[in-house]
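Trainee: Can you read through this structure? Questions will come right after.
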Amino acid sequence: MGRLDGLLNTSIGQKLALAASGVALIGFLLVHLLGNLTLFQGPEVMNAYAHWMQTHPLLWAGRVGLVTLFGLHTTLAIRLALENHRARPIRYAAGLRSQDSTFLSRYIVLTGLLVLAFLVYHLLHFTVGAVQPEHARLLDEQGRHDVYGMVVRSFGEPAVAISYLVAMTILGLHLFHGLRSLSQTFGVNHETYVGAIRWAAGGLALAIVVGNASIPLSVWLGWISL
Amino acid sequence: MNFTLVVWRQARAEETGRMVEYRVEDVSPDMSFLEMLDVLNEDLIVSGEEPVAFDHDCREGICGMCSLVIDGVPHGPERATTACQLHMRHFKDGATITIEPWRAKAFPVIRDLVVDRRALDRVVQAGGYVSINTGSAPDANSIPVAKHDADVAFQAAECIGCGACVAACPNASAMLFVAAKTQHFARLPQGQPERTRRTINLVEAMDREGFGACTNHYECAAACPKEIPVRFISDLNRDFIKAAAHHGRFGTLPPQGDLEE
């Protein structure tokens, strides 16, 4: 048996693959966040950035890569969850009383599935343009896709803004457990620094959520307008 | 003190079990949980019923035989305490107490509250030892071990193999057990030559027994009567990555039957 085969056939190997795909997805989230934050630089910068990306020759390669990554992370997670469920065919009559586990660790699969549902909604909304088609096809003065106008008009509707804020909260709960588990899973463990590493991981999860949530909030509060 | 007990009764492995309610009266607050069960069993025997089967041996918290999930917590509500060292004064008079066996696919019920924990033995048989004959005790300090390493190795070696970590884990994972059994050698010079093989073999043996995987709930360490910390799981993960990255060989476990006694 090859080493990679052997590794991926073990429970730890599968968890490492799950964690590694999670790290790659967090990388994507950070790049996506930086792109989103161009909103604060005004319509010119954001639309130029969007135009550059939408006409990039590697756009579809990137999209296929991302779908593969999300698919891998989801498949591995569901497979792991099912195997873990099968490891206890008869449950406790009194239930297991939680001592040190958190809401976040126990509901990581649920928050993950909710994030996946949000992802579908988000793609239908801003990529396909099916949720609010009236905002999705606008062009700016230079004939480029008016992403700035689309985002600002969309989040001008409170229901849409609230749905994104709820989704970001759920994403935050998912990332918080995921990021704080990283050092444990990859065996980065030093008595002196492990606390600081876990704080930093929690901080990164919070930064991603706050950064993304700042966009609908700013539109809603009128800080950003057309 | 008087209690209402709701106890898992199952006559044989092949039969389905059910929860049965019993009253137990005139219990001294100084009795251990197992002594309280002894009182119940004496009552049952007198009234011509089958006593409740449960595992126990030393009754001083060091053998790892007692295995009761009490009100949803392995070994009961007191931290760092086995069920045999848990005293009835920690319960409210008149309380209803639920008692169940360890629940895991790898731990089939033999009878009532007794489960088959040989899965843990088979995991250790897959390499949780040092193969060379060490002879008699060596001269002190002939193999220097740093004080800190000796302390950490001893902390891992405190595992009594009771399986509470598996019982407490929402995934019925045995990672804390396997972590303890690998890490008490990983810190010592004698454990180094077989470290890679031990790490891979124990993890593969653990998977083969049908335990779940760790998803970092940390319920295991909370339930552990010896307070083995979850950092050993992280150390095991690191050893496993190293074993895979260097020269580790996977899939070399002998067939499961060969490991039986």
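The values are calculated or read from the model by the stated rules, or taken from the named source; none is laboratory data. Just so it is clear, the structure is predicted and the values come from calculations on it, not from any experiment. Every residue, glycine among them, receives a Cβ derived from its backbone with ideal geometry; neighbour counts consider all protein chains shown. Accessible surface areas use protein heavy atoms only, side chains included; no ligands, DNA or RNA. Shrake-Rupley method; radii C 1.70, N 1.55, O 1.52, S 1.80 Å.
Trainee: Could you grab me the full set of residues in the range B:5-40 that are hydroxyl-bearing (Ser, Thr, Tyr), open to solvent by 20 Å² or more (accessible area, probe 1.4 Å) and assigned to a strand (DSSP E or B)?
Mentor: Listed by number, the list holds a single entry, B:Tyr22.
Trainee: Moving on to the next point. Does B:Val166 satisfy the condition of being β-branched (Val, Ile, Thr) and under 20 Å from A:Phe186 (Cβ atoms)?
Mentor: no
Trainee: A further question follows. Considering every residue within the range B:197-214, establish whether at least one is open to solvent by 40 Å² or more (accessible area, probe 1.4 Å), part of a helix (DSSP H, G or I) and more than 8 Å from chain A (Cβ to nearest Cβ).
Mentor: Yes; the residues of the range B:197-214 include at least one that is open to solvent by 40 Å² or more (accessible area, probe 1.4 Å), part of a helix (DSSP H, G or I) and more than 8 Å from chain A (Cβ to nearest Cβ).
Trainee: Could you list, ordered by first residue, the pairs with Cβ atoms under 8 Å in which the first is in the range A:72-84 and at the interface with chain B (Cβ under 9 Å from one of its Cβ atoms) and the second is buried (at least 17 other Cβ atoms within 10 Å of the Cβ) and among the basic types (Lys, Arg), at least 6 apart or interchain?
Mentor: A:Leu80/A:Lys15
Trainee: For A:Gly22, indicate whether it is surrounded by 14 or more Cβ atoms within 10 Å (Cβ to Cβ) and touching a residue at least 60 places away in the same chain (Cβ under 8 Å).
Mentor: For A:Gly22, the condition - surrounded by 14 or more Cβ atoms within 10 Å (Cβ to Cβ) and touching a residue at least 60 places away in the same chain (Cβ under 8 Å) - is met.
Trainee: Further, regarding this structure: Could you tell me whether the range B:57-64 includes any residue that is crowded, with 17+ Cβ neighbours inside 10 Å and in the same structural domain as B:Phe107 (by TED's automatic domain parsing)?
Mentor: Scanning the range B:57-64 turns up at least one residue that is crowded, with 17+ Cβ neighbours inside 10 Å and in the same structural domain as B:Phe107 (by TED's automatic domain parsing).
Trainee: Ok, one more. Among the candidates B:Arg23, B:Arg79, B:Arg18, B:Arg59, single out the residue that is in contact with a strand residue (DSSP E or B) (Cβ under 9 Å, 6 or more places away or on another chain) and in contact (Cβ under 8 Å) with a residue 24 or more places away in the chain.
Mentor: Answer to the selection: B:Arg59.
Trainee: Next up: Any chance you could count how many residues in the range B:178-188 are over 20 Å from B:His247 (Cβ atoms) and open to solvent by 10 Å² or more (accessible area, probe 1.4 Å)?
Mentor: Count: 4.
Trainee: Here is a check on your reading of the model: is B:Ile233 among the β-branched types (Val, Ile, Thr), within 19 Å of B:Ile62 (Cα to Cα) and either in contact with a Ser or Thr (Cβ under 7 Å, 6 or more places away or on another chain) or open to solvent by less than 10 Å² (accessible area, probe 1.4 Å) (or both)?
Mentor: Against the criterion (among the β-branched types (Val, Ile, Thr), within 19 Å of B:Ile62 (Cα to Cα) and either in contact with a Ser or Thr (Cβ under 7 Å, 6 or more places away or on another chain) or open to solvent by less than 10 Å² (accessible area, probe 1.4 Å) (or both)), B:Ile233 does not qualify.
Trainee: Taking the criterion of being in contact (Cβ under 8 Å) with a residue 60 or more places away in the chain, in a loop (DSSP other than H, G, I, E, B) and within 14 Å of B:Pro225 (Cβ to Cβ), would at least one residue in the range B:67-75 satisfy it?
Mentor: Yes, because at least one residue in the range B:67-75 is in contact (Cβ under 8 Å) with a residue 60 or more places away in the chain, in a loop (DSSP other than H, G, I, E, B) and within 14 Å of B:Pro225 (Cβ to Cβ).
Trainee: Further, regarding this structure: Looking at (1) within 11 Å of chain A (Cβ to nearest Cβ); (2) farther than 24 Å from B:Val115 by Cβ; (3) among the hydrophobic types (A, V, I, L, M, F, W, C), find the lone condition where B:Leu188 falls short.
Mentor: Of the numbered conditions (1) within 11 Å of chain A (Cβ to nearest Cβ); (2) farther than 24 Å from B:Val115 by Cβ; (3) among the hydrophobic types (A, V, I, L, M, F, W, C), the odd one out for B:Leu188 is (1).
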